[in-house]
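Reading through the structure tokens given below for one structure.
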Amino acid sequence: MSWNKYFFFALFSVVIFHQGFAQNTVDNFLKPSDSLNISRRNTVVISETALAATALVGLNQLWYKDYPRSDFHFINDNSDWLQMDKAGHVFSSYQLGNIGKNTLQWSGVGRKKQLLYGATAGFVFLSAVEIFDGYSAEWGASSGDVLANATGTALFVSQELIWKEQRIIPKFSFHSTRYASVRPEVLGNSVDEQILKDYNGQTYWLSANMHAFFKTSKIPTWLNLAIGYGAEGMINGHNEPLSNSSLPNYDRYRQYYLSFDVDLTKIKTKSHVLKTLFSLFNTIKVPAPTVVYTQNNQLKWHFVYF
């Protein structure tokens, strides 16, 4: 099933689930508390701490334990993968901060603490991962990653402070590419792995809500304009050809996108079940007509791009 079809199938399933199975008790449970709910707050703190600890322990066991340790050190990988990995750090830090802020809002925690403790959750967690990298002889902490993590958090917090809403949202989309089959051990053997590893198929977007910038206009409140960044031709991080390898050497180039999008959180509904699910799906760029400009001065048009 293509990713375009998967997205619409999943969204359709959400609506069917809500109509057929969601109960008032579930909706009431998901409704944010008007005042501090200590039980909810404790649940959030304990759950997020446990999840983060479990993720870090699991990451250490699955990823780092088989590699030699070293003194803490930094590396300069800012030119790797044409900065696609850095765009991923911005996206991840922003979205984790968004989740952290929303869960504290759900428990009735005050707005300042939502931003101080919730919105910075992504930066804190990803910084812990960076420390793991720093003590690994195989890798090393990346100053570029730290800066990207800080940028994602700053993008979220600054909008809350300036506008008290999120007008510009980082989003993600993915399509399978021919490069993964050339080097599957690096770019992924399955679609699930390729989503995380194949930077050629990833696109990172900044999706801006047009009505939020023009409050008195008749622009639909859910309509967004999105600019995207992607790259192709990468089967390794560096630009240099792989030594002692018969693998092809592709031309690496950047791509820039302009497209329409939908802010699902602007769709009006009284259902907190749907609000929650729309918020989760809002991390994904909706397939839409797209103009693509490549680094080698080519202009392309896609009727639907994902």
- So is residue 206 part of a strand (DSSP E or B), modelled with pLDDT of 95 or more and farther than 13 Å from residue 88 by Cα or not? no
- Query: Can you tell me which residues in the stretch 173-224 are hydrophobic (A, V, I, L, M, F, W, C) and touching a Leu at 6+ places or on another chain (Cβ under 8 Å)?
  - Reply: 180, 182, 208, 210, 222
- Message: Condition (residue is surrounded by 13 or more Cβ atoms within 10 Å (Cβ to Cβ), among the aliphatic types (A, V, I, L, M) and in contact with a Leu (Cβ under 8 Å, 6 or more places away or on another chain)) applied to the stretch 77-90: is it met by at least one residue?
- Response: yes
- Item | Those residues of the stretch 140-189 which are basic (Lys, Arg) and either open to solvent by 10 Å² or more (accessible area, probe 1.4 Å) or in a helix (DSSP H, G or I) (or both), in sequence order | 164, 167, 178, 183
- Query: Looking at residue 258, is it surrounded by 12 or more Cβ atoms within 10 Å (Cβ to Cβ), free of Cβ contacts under 8 Å to residues at least 60 places away in the same chain and out of contact with any helix residue (DSSP H, G or I) (no Cβ under 7 Å at 6 or more places or on another chain)?
  - Reply: yes
- Among the residues of the stretch 196-210, write down those that are open to solvent by 10 Å² or more (accessible area, probe 1.4 Å) and closer than 22 Å to residue 234 by Cβ. 196, 197, 199, 204, 206
- Item | Residue in the stretch 25-38 that is least open to solvent (accessible area, probe 1.4 Å), counting only those that are modelled with pLDDT under 85 and touching a helix residue (DSSP H, G or I) at 6+ places or on another chain (Cβ under 7 Å) | 27
- Item | Matching residues in the stretch 187-212 - criterion: being touching a residue at least 24 places away in the same chain (Cβ under 8 Å) and more than 14 Å from residue 230 (Cα to Cα) | 187, 207, 208, 209, 211, 212
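To keep it simple, each residue is scored yes or no on (1) open to solvent by less than 80 Å² (accessible area, probe 1.4 Å); (2) in contact with a strand residue (DSSP E or B) (Cβ under 7 Å, 6 or more places away or on another chain); (3) closer than 30 Å to residue 295 by Cβ; (4) at pLDDT below 90.
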residue	(1), (2), (3), (4)
15	yes, no, no, yes
19	no, no, no, yes
23	no, no, no, yes
40	yes, no, no, no
47	yes, no, no, no
54	no, no, no, no
63	no, no, no, yes
69	no, yes, no, no
75	yes, yes, yes, no
- Query: Applying the selection to the stretch 239-254, what residues are over 12 Å from residue 200 (Cα atoms), open to solvent by less than 100 Å² (accessible area, probe 1.4 Å) and in contact (Cβ under 8 Å) with a residue 40 or more places away in the chain?
  - Reply: 247, 248
- Residue that is farthest from residue 275 (Cα to Cα), among those in the stretch 96-141 that are over 19 Å from the mean Cα position of the chain (by Cα) and among the polar types (S, T, N, Q): 136
- Task: Only one of these is at pLDDT 90 or above, closer than 26 Å to residue 93 by Cβ and either over 19 Å from the mean Cα position of the chain (by Cα) or surrounded by 16 or more Cβ atoms within 10 Å (Cβ to Cβ) (or both): 300, 268, 285, 218. Name it.
- Result: 285
- Item | Odd one out for residue 114 among (1) open to solvent by less than 40 Å² (accessible area, probe 1.4 Å); (2) at pLDDT below 95; (3) in a helix (DSSP H, G or I); (4) of a type in the set (S, T, N, Q) | (2)
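The values are calculated or read from the model by the stated rules, or taken from the named source; none is laboratory data. Here the structure is a predicted model, which is why all the values come from computation and not from measurement. Positions of Cβ are backbone-derived with ideal geometry, glycine not excepted, and every protein chain shown enters the neighbour counts. Just so you know, the surface numbers come from the protein's heavy atoms only, side chains and all, with ligands and any DNA or RNA stripped out. Shrake-Rupley method; radii C 1.70, N 1.55, O 1.52, S 1.80 Å.
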